[in-house]
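Scroll down for the structure; my scribbles are underneath it.
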Amino acid sequence: MKAAFLEVKEWEREYLKERLPGHEFYFSGERLQGDMLPQLREFQVLSPFIYSRVTGEVVQALPSLQLVTTRSTGFDHVDMGACAARGIAVANVPSYGENTVAEHSFALMLALSRKIHQSYLRAQRGDFSLTGLTGFDLKGKTLGVVGAGKIGLHVIKIGRGFGMSVLAYDPYRNPFLAELLGFRYVEMDELLAASDVVTLHMPYRPALEHFMDREKFRRMKPGALFINTARGHLVDTDALLEALQSGRLAGAGLDVVEGEELIQEEEQLLYAQDQRMEKLQAVVRTHVLFRHEKVIFTPHNAFNSKEALERILETTVENILAFERGQPLNLVKAPGSVPSGAQAAAKQRG
């Protein structure tokens, strides 16, 4: 089969070549661009990362496409409806870095609670005074985990290790795990009001756009910290800025922000006509957030450990090989025509 991989590094290319012998490859270190599509018309497999938008137009431009296997857990960058209409299977990497993202969440938490970034910047200027650098202990504080899935449960375990009390909000509750790990499920209002740190670990879908809005930030405990390593569009940026500027929040640690995909496109936005003003406004709001003295930002880097990257590639390889065998794995949506397509792909491989 012909497989196209986007947003890949050199070492990843060598890994994929070794693990997928006999395949024809297209590699690009860039996100999916329109001028790539003519070269991909005969490709059966497309493997994007989060910044490559697999839109309906992209699907229509690739008549041979049978499988989209995104190298991420989230798949909101893939037009699921367009893929279903064409009988194209969509697979993801459901589990690769629960501990990785959880550890990064605590890195952001500790940097804020102990004012590490402010201390570093002051020392770089040759100023070694401690004025204004008093932090606080995590031990004895209350951690609010919004989304107690695989990543959220790792966050809970780490929080308990720090001696924190833990509250969790999740529509699906597991009383056995709550008792085993020593946390308590509560409704969202109670979590917001009682938590010294609130950390998001929810998947994104359109119905959850701006889940954290003005009203929820206003319900948070005064002086709390807010952490987001999930998805930027879960948070209303204006509401977050308002909470920071009013002093309601003592700080925010962000690995993702609303409209982050636009930051790498700023120059193009200056000349684009379609929704240009709206997109430019989103970029400006994001830059204001970056510069805020109470904000620590990392550029969607929570997943980015050597071990997690290798797990992502290994699962992606397994997704491709399983699809070729007619036994697809990790499908996020399986239209009725997918099995026959997978079997046809297996026959092509002989």
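Just so you know, all these numbers are worked out from the coordinates, no wet-lab data involved. Quick caveat, the model's predicted, so the values are computed rather than measured. In this analysis, Cβ positions are derived from the backbone assuming ideal geometry, glycine residues included, and neighbour counts consider all displayed protein chains.
For the chain, with the dipole built from +1 on Lys and Arg beta-carbon atoms and -1 on Asp and Glu ones, taken about the Cα centre, which of G152, T298, L20 lies farthest toward the positive end?
Result: G152, furthest along the dipole toward the positive end.
Rank V90, V317, T199 by how far each Cα sits towards the positive end of the charge dipole of the chain (+1 on Lys, Arg Cβ; -1 on Asp, Glu Cβ) and give me just the farthest.
It is T199, whose Cα lies furthest towards the positive end.
Expected output is a single nm value to one decimal: the length gained when fully extending between E30 and E179, i.e. 0.36 nm times separation in residues minus the C-alpha distance. What is it? Can you show the working numbers first?
Numbers: separation 149, 0.36 × 149 = 53.64 nm, distance 4.59 nm.
Extra length available between E30 and E179 comes to 49.0 nm.
Give me the dipole magnitude in Debye, nearest 20, for segment 98-297 about the Cα centre, with unit charges on the beta carbon: positive for Lys and Arg, negative for Asp and Glu.
800
Specify the longest stretch of the chain that does not include any exposed loop site, a site being one of the chymotrypsin sites (Phe, Trp or Tyr not before Pro) with a non-H, G, I, E, B DSSP assignment and at most 11 other Cβ atoms within 10 Å.
Free of exposed loop sites, the longest segment is 1-127.
Where nothing but the Cβ of Lys and Arg (+1) and of Asp and Glu (-1) is charged, how large is the charge dipole of the chain around its Cα centre, in debye to the nearest 20?
Magnitude of the dipole: close to 720 debye.
Considering every pair of different Cα atoms, what Kirkwood radius, in Å, is found for segment 1-131? Intermediate results must be reported in sequence, preceding the final value.
On the way: mean 1/r = 0.0577 Å⁻¹.
Value: 17.3 Å, from the Cα pair sum.
For the chain, find the longest principal axis of its Cα atoms and tell me its angle to the long axis of helix 338-349, 0 to 90°, nearest 10.
60
So what is the calculated 222 nm ellipticity per residue for the chain, using -39500 (n - 2.57) for each DSSP H run with n of 4 or more, over all residues, to the nearest 500 deg cm²/dmol?
-12000 deg cm²/dmol
Once a ≥ b ≥ c are taken as the square roots of the eigenvalues of the Cα gyration tensor of segment 1-56, is the result rounded (a/c under 1.5), prolate (a/b larger than b/c) or oblate (a/b not larger than b/c)? Spell out each step's value before the answer.
Working: a/c = 2.13, a/b = 1.33, b/c = 1.60.
Oblate, since a/c reaches 1.5 and b/c is not below a/b.
May I ask you to derive the relative contact order of segment 98-297, considering only C-alpha pairs under 8 Å and at least 6 residues apart, and to give it as an integer percent?
Normalised by residue count, the contact order of segment 98-297 is 18 percent.
If you filter segment 121-151 for trypsin sites (Lys or Arg not before Pro), then keep DSSP loop positions with at most 16 other Cβ within 10 Å, what is left?
Of the trypsin sites (Lys or Arg not before Pro), the ones in loops of segment 121-151 whose Cβ has at most 16 other Cβ atoms within 10 Å are R125, K139.
Return, for the Cα atoms of the chain, the radius of gyration and Dmax in Å, separated by a comma.
21.9, 71
Could you state the angle between the C-alpha long axis of helix 150-161 and the longest principal axis of the C-alpha atoms of the chain, as a value from 0 to 90 degrees rounded to the nearest 10?
30
Test of understanding: express the Cα radius of gyration of segment 130-234 as a ratio to 2.2 N^0.38 Å, with N the residue count. The partial results should precede the final answer.
Details: Rg = 13.8 Å, N = 105, 2.2 N^0.38 = 12.9 Å.
Segment 130-234 yields a ratio of 1.07.
In units of 2.2 N^0.38 Å, what is the alpha-carbon radius of gyration of segment 98-297? Don't skip to the answer; put the middle values down first.
Details: Rg = 17.5 Å, N = 200, 2.2 N^0.38 = 16.5 Å.
Rg over 2.2 N^0.38 Å, computed on Cα atoms: 1.06.
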